[in-house]
Amino acid sequence: MYQVHTVEFPKMGLDFNINPTAFSIGSFTIQWYGVIIAMGFLLAFLYLMFSCKKFNVDQDRLIDAVIVGMIGGIIGARLYYVIFYPGDQYVKDPLSILYIWNGGLGIYGGIIGGLLCGALMAKLRGLKIAAVLDLAALGFLIGQTVGRWGNYVNQEAFGTATDLPWGMISDRTRLVVEGPVHPCFLYESLWCLVGFGLLHLFATRLRRYDGQVFLLYLMWYGLGRFWIEGLRTDSLIAPILNLRVSQLLAAVTVLVSLAFLAFFRNKTSLTGIGSPKVMALNGIVFAAAGSADDDGKSTIFGDITPKPELGESEEEKTEEILSEETQPQASAEDAAKETGFDEAAPQQADQAAENLTEETPAQESADTHEE
């Protein structure tokens, strides 16, 4: 028999009974937390695979960076949580550090670990790191949107008491706060979803340089996390400063990203999709916004595409231009042939002059004799 959690939204008249265990195989159990995290990774991965061509990032080499980045992200998220977890649970039972399916992942540790490992592999595989970071930022937002629902299943990431209509009560919140509390997991999930929508549109229409989307992601997520973390009652606390670790990191992230955005405000260096004007400036051929692809179909990833290979129409135009450039020369040659003046004409003229010179003395002798 598995333990079932009860989650209520009293003012909305909603009650849910949640079994944190998805299924079991013998004595081995799979938790919904792990399943949801895996779903977030999968959706982010699919987005990257469909979008990488528009960012001018090689798909095969990107897969290597993504796999290494995911592994680094999981390790970093777990280490972050273990390091700042209050008490000595993991000191007494070090093996429990590996039990990530029971919950306990710090998103900032995941971002740091994923970025470091993924960027290192991207560098080794010869990818442009700034463009990969833009893709990674959008993937992070997808993963965070989905992954926060793992906290809902585990009754984590809840906040202080609230009178708002969507206030929630669960078995665990009753131990900490009396009455409904802020569903902070839901706030962050929605914040990341909105951020993904905005940054996706920005990337396909307004991006001016590689790395800009990543900086905007850091600013957006930092702002949201600073606000949401202030509502939570289960935050990890830095043992030395006695401050909420995530709020401190969020503030630093926002300030650093704003500084870089200001520093690069005039930069216009793109290798893929972005602002049509900047794409034109960098020599990237693109279709006008709102137009369809060559096959008449539009995609959810935007209509602006990187420079394509020359098709039949481009080849025909190129041949036409070349033929126009060589037309005067061809016309001159044709005219020479029609009038009998070709490349042999000068030689024939010289021969005729020599014959005329030889004939002239003989003709003069004949004339003298006649006289």
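Here the gap between Leu198 and Asn282, fully extended at 0.36 nm per residue and compared with their Cα-Cα distance, gives a gain of 27.8 nm.
Dipole of the stretch 5-281, Cα-centred, from +1 at each Lys and Arg C-beta and -1 at each Asp and Glu C-beta, to the nearest 20 debye?
Values: 21 positive and 16 negative charges, 242 e Å.
Computed charge dipole of the stretch 5-281: roughly 1160 debye.
For Thr162, nonlocal amide neighbours, meaning residues 5 or more places apart or on other chains whose placed amide H falls under 5 Å from its own, are Val181, His182. Going by a ≥ b ≥ c, the root eigenvalues of the Cα gyration tensor, does the stretch 1-145 fall in the rounded group (a/c under 1.5), the prolate group (a/b larger than b/c) or the oblate group? Because a/c hits 1.5 or more and a/b exceeds b/c, the stretch 1-145 counts as prolate.
Residues whose amide H falls under 5 Å from that of His5, counting only those 5 or more places apart or on a different chain, are Ile18, Asn19, with hydrogens built in the peptide plane.
What separates the Cα centres of the stretch 182-205 and the stretch 128-167 is a distance of 9 Å.
Is the stretch 1-56 rounded, prolate or oblate when judged by the Cα gyration tensor, a ≥ b ≥ c being the square roots of its eigenvalues, rounded requiring a/c under 1.5 and prolate requiring a/b larger than b/c? Walk me through the intermediate numbers first.
On the way: a/c = 6.73, a/b = 1.62, b/c = 4.14.
Because a/c hits 1.5 or more and a/b fails to exceed b/c, the stretch 1-56 counts as oblate.
Pairs to check: Lys123/Lys277; Lys123/Lys267; Lys54/Lys128. Give those whose C-alpha atoms are more than 20 Å from each other in this structure. Too far apart for the 20 Å limit: Lys123/Lys277; Lys123/Lys267.
Add +1 for every Lys or Arg and -1 for every Asp or Glu among the other residues with Cβ under 11 Å from the Cβ of Leu248, and state the total.
Numbers: positive: Arg225, Arg244; negative: Glu229.
Around Leu248, the charge tally is +1.
With each label modelled as a point 7 angstrom along the Cα→C-beta vector, the Lys123-Thr233 pair spans 4.5 nm. Near Ala130, once Lys and Arg are set to +1 and Asp and Glu to -1 for all other residues with Cβ below 13 Å from its Cβ, the sum equals +3.
Using a ≥ b ≥ c from the Cα gyration tensor of the stretch 91-237 (square roots of the eigenvalues), is it rounded, prolate or oblate, where a/c under 1.5 gives rounded and otherwise the larger of a/b and b/c decides, a/b for prolate?
Since a/c reaches 1.5 but b/c is at least a/b, the shape of the stretch 91-237 is classed as oblate.
Run the numbers for Ile71 and Ile97: contour at 0.36 nm per residue of separation, minus the present Cα-Cα distance, in nm. Kindly include the intermediate steps, with their values, before the conclusion.
Details: separation 26, 0.36 × 26 = 9.36 nm, distance 1.55 nm.
The Ile71-Ile97 span can extend by a further 7.8 nm.
Taking a point 7 Å out from the Cα of Asp64 in the direction of its Cβ, the residues of the stretch 117-152 whose backbone N falls within less than 11 Å of it are 121-127.
Summing Lys, Arg as +1 and Asp, Glu as -1, what charge do residues with Cβ under 9 Å from the Cβ of Gln155 carry, Gln155 excluded? Before the final figure, lay out each step's value.
Working: positive: Arg172; negative: Glu156, Asp171.
For residues surrounding Gln155, the net value is -1.
The amide H of Gln31, built 1.01 Å from its N in the peptide plane, has Ala22 as neighbours under 5 Å, considering only residues 5 or more places off or on other chains.
Estimated at 0.36 nm per residue, the fully extended path between Ala22 and Leu206 surpasses their Cα-Cα distance by 62.0 nm.
FYI, it's all coordinate maths here, none of it is from the lab. All values reported here derive from a predicted model rather than from experimental measurement. With ideal geometry, Cβ positions are generated from the backbone for all residues, glycine too; neighbour counts draw on all protein chains shown.
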